[in-house]
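Written out below as structure tokens is the structure these notes cover.
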Amino acid sequence: MKVVFVYPDLNYFGNHLRYPGVISLGIAYLSSSLKSSGHETSLIHIIDKYDPDYYLNILSKFNPQVVAFSSFTHQFKLVKSLAKLTKENFKVITICGGIHPSIAPEECIKVDDLDIICQGEGEEAIVELCDKLEKNEVIINIKNLWIKENNKIYKNSVRPLEENLDKLPFPDRLLYDYYNIWDGQVKVIQVLAGRGCPYDCSYCCNHQYKEIYKNSKYVRFRSPRNVIAEIKEARIHYKDVKFVNFLDDTFCLRKDWLKEFLPLYKKEINLPFHANTRINLLDDELMKMLKDGGAEHLALGIESGNVEIREKILNRKMTNQKIIEAFNLGNKHDVKLSSYNMLGNPYEGLGQILETIKLNAKINPHSMHVSIFQPYPYTKLYDLCKENNLLGKEEVSTFFGKSILKQDSLTGKEVDFAYFYFKPLVKLYKLVYKLPGKFSASAEKILDKFYFKRNFYPFYLSLKPFFKNSKKIINFILKFINLKDSNFKRLVSFRKKGGQVLQ
């Protein structure tokens, strides 16, 4: 059975120039599972504006029986167009999996050009589907799949989650054109050491997945040996790797697991690693373990510097003092810590955003990841926005797009201003805080006044096209926020090649 995966990798990083494409390990796991069962797979990785004729041409060359789409919510509009184009030109079965069909199955199964949608983790389901199709067997009772057949929809329940993740084959990295994406040099191996997150941030989909899998163990870890074996296998193909990036939501969740894993990693891999973790998990002992094991960079979610927004709206229970202590630990143990920040939250005003700016200035993160809150459907925060009439008419289109909320406390222009000038403002407040006592306090008040001068915002925002369109200024900004010039050149080079490849 031939399966083509279609990955509409658009708008993930918005206008950020950090990467020209994102590697989806989810698709890579599906591909390796299919290949282990004797099926053939390929990938259409759409990174920039796609050419319909080119899309149809490469589909024709592979001649698949199944076309499988993966979709976030903001990508689903494109998925619908691609599915329509596919069904109009080929006699294939179309299936869509990923976050959006998992949390919004009723919406997705209504799309005429989608035959099947997959809820939850799909390795076993897609293998069972292709096995049965190949044998001309009945497919309407496959768990995790909602299937349309003879004008009926068969809504199957999800199978229990696989607790022993070591059973899964390693993700199929060769599905991706790594060397094209990374401009000839693969510097990073991306790895998932486990699956699931125990926390319930109101803007995230984890609480929805927990509801789907309420009878399964949601948070699971692979064995340390299994993770080490995957990294070793990947390094056979990619000789020039400089570091490993663990993509788990909360890599430091289990200290006992880390105590076993980190010495093995240091002994057998001995590369710097990056990871996401949670501020409340960090202490002096853990940070020392991480540093000794090779930790170079950890990303931590702050989201808001205002305690009430952070705890009551976003459901992130941590104090500003704990955040400051965590970043002090990073300095103490020489581990680079970056911050995740989200602007335009429900009931947030310019004052609360300024608290986020000032908190970042005080903790001095190695880098800052800044996004604009988007009310993704069926999350708790989406429901809050809907109940309180905060939703505008626009659809969510990217993690970094304009705010679609309509609230009295914060206008769209104010969010745009705060987003565009967030990092320069952090740098200015950092300078202010380095001044001697009274001078620092006076300078902070002056800077505050300029920040709240709303009548200046149109002028500030009018400078955006100049900043965006001047290569010299862009390169300056990239250096200013600790990005390398080569990242910009790589993005331009890759997009000139079309940004759309078939592997």
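The values are calculated or read from the model by the stated rules, or taken from the named source; none is laboratory data. Please read these numbers as outputs of a predicted model, since none were measured by experiment. Every residue, glycine among them, receives a Cβ derived from its backbone with ideal geometry; neighbour counts consider all protein chains shown.
Can you give me the number of residues within the stretch 407-427 that are under 17 Å from residue 339 (Cβ atoms), in a helix (DSSP H, G or I) and of a type outside the set (Gly, Ala, Ser)? Give the steps one after another, and end with the answer.
Quick first cut of the stretch 407-427, residues under 17 Å from residue 339 (Cβ atoms) only: 418-419, 421-427.
Next, from what is left, pick out any that are in a helix (DSSP H, G or I): 418-419, 422-427.
Narrowing further to those that are of a type outside the set (Gly, Ala, Ser): 419, 422-427.
Residues that pass the stated criteria total 7.
For the stretch 283-305, what are the residues that are in a loop (DSSP other than H, G, I, E, B) and surrounded by fewer than 23 Cβ atoms within 10 Å (Cβ to Cβ)? Before you say what the answer is, go through the steps one by one.
In the first step, residues of the stretch 283-305 are kept if they are in a loop (DSSP other than H, G, I, E, B); the result is 283, 294, 304-305.
283, 294 - these are the residues of the stretch 283-305 that are in a loop (DSSP other than H, G, I, E, B) and surrounded by fewer than 23 Cβ atoms within 10 Å (Cβ to Cβ).
Which of the residues spanning the stretch 453-463 are in a helix (DSSP H, G or I) and either surrounded by fewer than 12 Cβ atoms within 10 Å (Cβ to Cβ) or touching a Leu at 6+ places or on another chain (Cβ under 9 Å) (or both)?
Listed by number, the residues that qualify are 454, 455, 458, 459, 462.
Just to be sure I understand the filter: pairs with C-beta atoms under 9 Å, separated by 6 or more residues or on different chains, first member in the stretch 126-139 and without any contact (Cβ under 8 Å) to a residue 40 or more places away in the chain and crowded, with 16+ Cβ neighbours inside 10 Å, second member in a helix (DSSP H, G or I) and of a type outside the set (S, T, N, Q). Which pairs pass?
Taking only residues 6 or more apart or on different chains, the pairs are 139/128; 139/129; 139/132; 139/133.
Scan the stretch 211-246 for residues that are farther than 20 Å from residue 179 by Cα and touching a residue at least 60 places away in the same chain (Cβ under 8 Å) and jot them down.
Those that are farther than 20 Å from residue 179 by Cα and touching a residue at least 60 places away in the same chain (Cβ under 8 Å): 212, 213, 226.
Could you list, in sequence order, the residues of the stretch 247-270 that are surrounded by fewer than 18 Cβ atoms within 10 Å (Cβ to Cβ) and free of Cβ contacts under 8 Å to residues at least 60 places away in the same chain? Break it down into steps so the answer makes sense when it comes.
Going through the stretch 247-270, the residues surrounded by fewer than 18 Cβ atoms within 10 Å (Cβ to Cβ) turn out to be 247, 254-256, 259-260, 263-264, 266-268, 270.
Hits for the stretch 247-270 are 254, 255, 256, 259, 260, 263, 264, 266, 267, 268, 270.
Among the residues of the stretch 431-452, write down those that are of a type in the set (A, V, I, L, M) and either touching a Gly at 6+ places or on another chain (Cβ under 9 Å) or assigned to a loop (DSSP other than H, G, I, E, B) (or both). Working first, answer last.
Pass one, the stretch 431-452, residues of a type in the set (A, V, I, L, M): 431-432, 435, 441, 443, 446-447.
Scanning the stretch 431-452 gives a single hit, 435.
Would you confirm whether or not the stretch 8-22 contains a residue that is among the hydroxyl-bearing types (Ser, Thr, Tyr) and buried (at least 22 other Cβ atoms within 10 Å of the Cβ)? It would help to see each step written out before you state the result.
Filtering the stretch 8-22 for residues among the hydroxyl-bearing types (Ser, Thr, Tyr) gives 12, 19.
Filter once more, keeping what is buried (at least 22 other Cβ atoms within 10 Å of the Cβ): none.
For the stretch 8-22, residues among the hydroxyl-bearing types (Ser, Thr, Tyr) and buried (at least 22 other Cβ atoms within 10 Å of the Cβ): absent.
In the stretch 355-385, what count of residues is obtained for those that are touching a Lys or Arg at 6+ places or on another chain (Cβ under 6 Å) and assigned to a helix (DSSP H, G or I)?
1
For the structure I just gave you, tell me whether residue 158 is more than 16 Å from residue 71 (Cβ to Cβ), in a loop (DSSP other than H, G, I, E, B) and modelled with pLDDT of 95 or more.
yes
Does residue 405 satisfy being of a type in the set (A, V, I, L, M) and over 22 Å from residue 360 (Cβ atoms)? Talk me through it step by step, then tell me what you get.
Values: of a type in the set (A, V, I, L, M): yes; over 22 Å from residue 360 (Cβ atoms): yes.
Spelling it out, residue 405 is indeed of a type in the set (A, V, I, L, M) and over 22 Å from residue 360 (Cβ atoms).
If a residue must be over 19 Å from residue 54 (Cβ atoms), part of a loop (DSSP other than H, G, I, E, B) and not β-branched (Val, Ile, Thr), how many such residues does the stretch 71-121 contain?
Number satisfying all stated conditions: 13.
Can you tell me which residue is surrounded by the fewest Cβ atoms within 10 Å (Cβ to Cβ) among those in the stretch 51-106 that are under 23 Å from residue 39 (Cα atoms) and hydroxyl-bearing (Ser, Thr, Tyr)?
In this case the residue turns out to be 60.
List the number of the failed condition for residue 339; all other conditions in (1) outside any strand (DSSP E or B); (2) crowded, with 22+ Cβ neighbours inside 10 Å; (3) of a type in the set (Gly, Ala, Ser) hold.
Of the numbered conditions (1) outside any strand (DSSP E or B); (2) crowded, with 22+ Cβ neighbours inside 10 Å; (3) of a type in the set (Gly, Ala, Ser), the odd one out for residue 339 is (1).
Is it true that some residue in the stretch 300-311 is small (Gly, Ala, Ser), assigned by TED's automatic domain parsing to the domain that holds residue 418, closer than 29 Å to residue 176 by Cβ and out of contact with any Lys or Arg (no Cβ under 8 Å at 6 or more places or on another chain)?
No: zero hits.
Please find, among 297, 333, the residue that is under 25 Å from the mean Cα position of the chain (by Cα) and either assigned by TED's automatic domain parsing to the domain that holds residue 402 or among the hydrophobic types (A, V, I, L, M, F, W, C) (or both).
297
Which of the residues belonging to the stretch 255-282 are closer than 16 Å to residue 245 by Cα, in a helix (DSSP H, G or I) and among the aromatic types (Phe, Trp, Tyr)?
261, 265
Suppose we filter the stretch 192-209 for residues that are part of a helix (DSSP H, G or I) and touching a His at 6+ places or on another chain (Cβ under 9 Å); how many remain?
0
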